[in-house]
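Single-structure report; data block below.
All of the numbers you see were taken from the coordinates with simple rules; none came from a lab. The structure displayed is predicted, hence computed values, not measured ones. Using ideal geometry, Cβ is built from the backbone for each residue, glycine included, and neighbour counts are taken over all protein chains shown.
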Amino acid sequence: MALRSTNIDRLDDEDFDVLIVGGGINGAVSAAALAARGARVALVDRGDFAGFTSQESSNLVWGGFKYLENYELLLVRKLCMSRNRLIKAYPANVKRIGFLAALDKSAPFPPWMAALGSTAYWAIGNFKTKRPAFLSPKKIEALEPVIDTTDVRGGVEYYDAYLKDNDARFVFSFVRSALDVGAIVANYVELLGAARDGGLWHAQLRDVENDIMLTCRAKVIVNATGPFVDNLNHQWGVHTDHRIVYSKGIHLVVPRLTRSERVLAFFDDTQRLFYVIPMGKRSVIGTTDTRVDDPFTAVDDHDRSFLLEQINARLDLDSPLTVDDIIAERSGVRPLVVANDGDDKLDVDWTSLSRKHAIEADAEQKIITIFGGKLTDCLNVGEEVCDEVEQFGVDLDRDRHDWYGEPGQDSRKEFYRQARLMRLDGLRAKPGVEPLSDRLWRRYGLRAFPMLEAIREDPRMGEDIMHSADYLRVELHLAASTEMVTRLDDFLRRRSKIDLVITDDDVRNSEGLREVAEILFGDRADEKLVEYFGEIPAGAAV
């Protein structure tokens, strides 16, 4: 954890142009964009990066097809353009994927209308995806035999994109980008208070891991705390035109339900869309949409039974899914933007609220607040925050658009050339798993080159460290030195997706678990294991 310690040392008693509070997708892209343009930036989060809302998404990069129902054409256009930018900038991470929507009696509109809407959606997105297609029930059954077409009237297949890896890892790529150009970032650093004095914000911080008090100063503060933006603004006495309300969404991770690499879309009995989304050898079922007043949520019995009932009614499975089939669960809130008019009663249909974002700037106090948003729109958020910071008098360099995206084709070709020469893909014996070269390049980009060298020097570095997981020993060493893994959950849930695709029992009993903890935490391995599991699990026993 030396990298984190170094950053905390550099954070304490220093002056910055911008202090960003919140390390989810909005804070991460803001840090990357500002630091790349020459600003002196500090980013802190009281938990881990992407440790709250940003780790609970559907892993989809999409233009909001469902928003056409409410005629939000400009929003759909903006999101489609954002999707197209991400597909181009992240060809290994953001992949085009088909959405097969089967419309049964619970659907709010007939198949011909869905076909018309999907064609309009394709056009709004500048025809950058494959042409949508109308599907008869017989065609749906041929493409996806797992779908029960008894009550299906027809459907469409249209195209969007999804993250090949998990959402939290994508967020961390922006944190890493910010670090690479000089930003000071630290997870598990809590903002205790901040006051403006002498033209600067004076912030009191606490290193949560070590209970150490810190201070720093900044010209501008960015409130990127997601569901908590209103609470922080209230502490500062900031009035805004927008506020946040919460919608709870849950996902269930189960064994793979279909062999095809496409998303299955259905309307549930409340006429709300839900999906079956591929995640490697697993399928993710979700999401729900329930208004809640508390941002801290969990999957309950009603959530499980509702989603299982809905999917069992629409798939022709050998046996219905039960709670015993659930490998992992995800629960989070969508921070939805509404007018701050003092009225808690919304005069619109709750489920019609979109995932748009809003950015407000208080010129007098030099505070920028980011409300709402979604992963697809992240590049726009980064650029808009830079515009607001410039309006506050902070000089920024020209935007060269080098703060996001994967390395160029020349670097990619050289990596694959070296990988072929050392027969990297031949090291793996697991069937049905993607080539190592693809995975290492997608996850690490230029940082994958020293990983090749490490494997050349020590072939053990190319071995899976946990037999139940898809993770190499060399990846653990890289995570320990460059990814600020502070708690075991940071690794299992966010830097990797092990906790999402492997059962708790398999993780606890994995023979490599102790080595994982020792590589990441050294002589604090036992402490971190007990912190996560409540005990030393069988797989980590000495």
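Couple of notes before you dig in:
- Sorted peptide list for 243-255, 295-307, criterion being average Cβ within 10 angstrom, highest first: 243-255, 295-307
- Inter-centroid distance (Cα atoms) of segment 186-243 relative to segment 23-88, Å: 21
- Calculated from backbone phi, Karplus (6.51, -1.76, 1.60) coupling profile of segment 126-138 in Hz, x at Gly/Pro: 6, 6, 7, 10, 5, 5, x, 9, 7, 10, 7, x, 5
- Placing +1 on the Cβ of every Lys and Arg and -1 on the Cβ of every Asp and Glu, with no other charges, gives segment 409-540 a dipole of roughly 760 debye about its Cα centre.
- Label zone (Arg291, point 7 Å along Cα-to-C-beta; backbone nitrogen cut-off 14 Å) within segment 354-380: 354.
- Summing charges over all other residues whose Cβ lies under 13 Å from the Cβ of Trp201, with Lys and Arg as +1 and Asp and Glu as -1, gives -2.
- Distance between the 7 Å Cα→Cβ label points at Leu421 and Ala298: 5.4 nm.
- In the chain, Cα pairs under 8 Å separated by at least six residues give a relative contact order of 19 percent.
- Extension gain from Ser411 to Asp523, taking 0.36 nm per residue of separation minus the Cα-Cα distance: 36.6 nm
- Computed helical MRE - 222 nm, the chain, DSSP H runs ≥ 4 contributing -39500 (n - 2.57), nearest 500: -9500 deg cm²/dmol
- Length added when fully stretched, Ala142-Ala313, from 0.36 nm per residue minus Cα-Cα: 59.7 nm
- Protection-proxy order for peptides 48-57, 177-186, 455-464, 20-29, each taking the mean of Cβ atoms within 10 Å per residue, highest first: 20-29, 48-57, 177-186, 455-464
- The calculated FRET efficiency for Lys281 paired with Ala120, based on their beta-carbon distance and R0 = 45 Å, is about 0.80.
- For segment 447-503, the gyration tensor built on C-alpha atoms gives an oblate shape. Its axis ratio a/c (a ≥ b ≥ c) is at least 1.5, and a/b is not larger than b/c.
- In loop segments of segment 182-280 as defined by DSSP, the GluC sites (Glu not before Pro) with at most 16 further C-beta atoms inside 10 Å of their C-beta are Glu209, Glu261.
- Between Glu190 and Ala538, the contour length at 0.36 nm per residue exceeds the Cα-Cα span by 121.9 nm.
- For segment 506-523, 3J(HN,Hα) per residue [Karplus equation, 6.51 cos²θ - 1.76 cosθ + 1.60, θ = phi - 60°, Hz, x = Gly/Pro]: 5, 5, 4, 9, 5, 5, x, 5, 5, 5, 4, 5, 5, 5, 6, 10, x, 6
- In this calculation the C-beta distance from Ala339 to Asp269 is compared with R0 = 41 Å, giving a FRET efficiency of 0.85.
- Where labels lie 7 Å past Cα in the beta-carbon direction, separation of Lys88 and Asp13 in nm: 4.8
- Spin-label pair Leu3/Asp458, simplified geometry with 7 Å Cα→Cβ offset, distance in nm: 1.8
- Thr482/Asp197 FRET efficiency (R0 41 Å; Cβ-Cβ; nearest 0.05): 0.70
- Cα-Cα over 25 Å, subset of Lys374/Lys497; Lys128/Lys356; Lys164/Lys374; Lys95/Lys356; Lys105/Lys356; Lys139/Lys248: Lys105/Lys356; Lys139/Lys248
- Among the listed values [x] 23.3, 71; [y] 24.8, 83; [z] 24.2, 78, the one matching Rg and Dmax of the Cα atoms in Å as calculated from this structure is [x].
- Relative contact order of segment 409-540, defined on C-alpha pairs under 8 angstrom at six or more residues apart (%): 18
- ³J(HN,Hα) computed for each position of segment 33-46 - Karplus, 6.51 cos²θ - 1.76 cosθ + 1.60, integer Hz, glycine/proline x: 5, 5, 5, 5, 9, x, 6, 8, 10, 10, 10, 10, 9, 6
- When the chain is described by a simple charge dipole with +1 on each Lys and Arg Cβ and -1 on each Asp and Glu Cβ, the residue from Pro255, Ser136, Leu100 located farthest towards its positive end is Ser136.
- Among Gly332, Ser437, Leu317 the positive-end extreme of the charge dipole of the chain (Cβ point charges): Ser437
- Under 12 Å from the Cα of Lys88 - aspartates and glutamates, other chains or at least 8 residues apart: Glu406
- Judged by the mean number of other Cβ atoms found within 10 Å, the most tightly packed of the peptides 58-65, 235-242 leads the ranking 58-65, 235-242.
- Here segment 520-542 is scanned for amide nitrogen atoms under 16 Å from the site 7 Å beyond the Cα of His467 along Cα-to-Cβ, giving 538-541.
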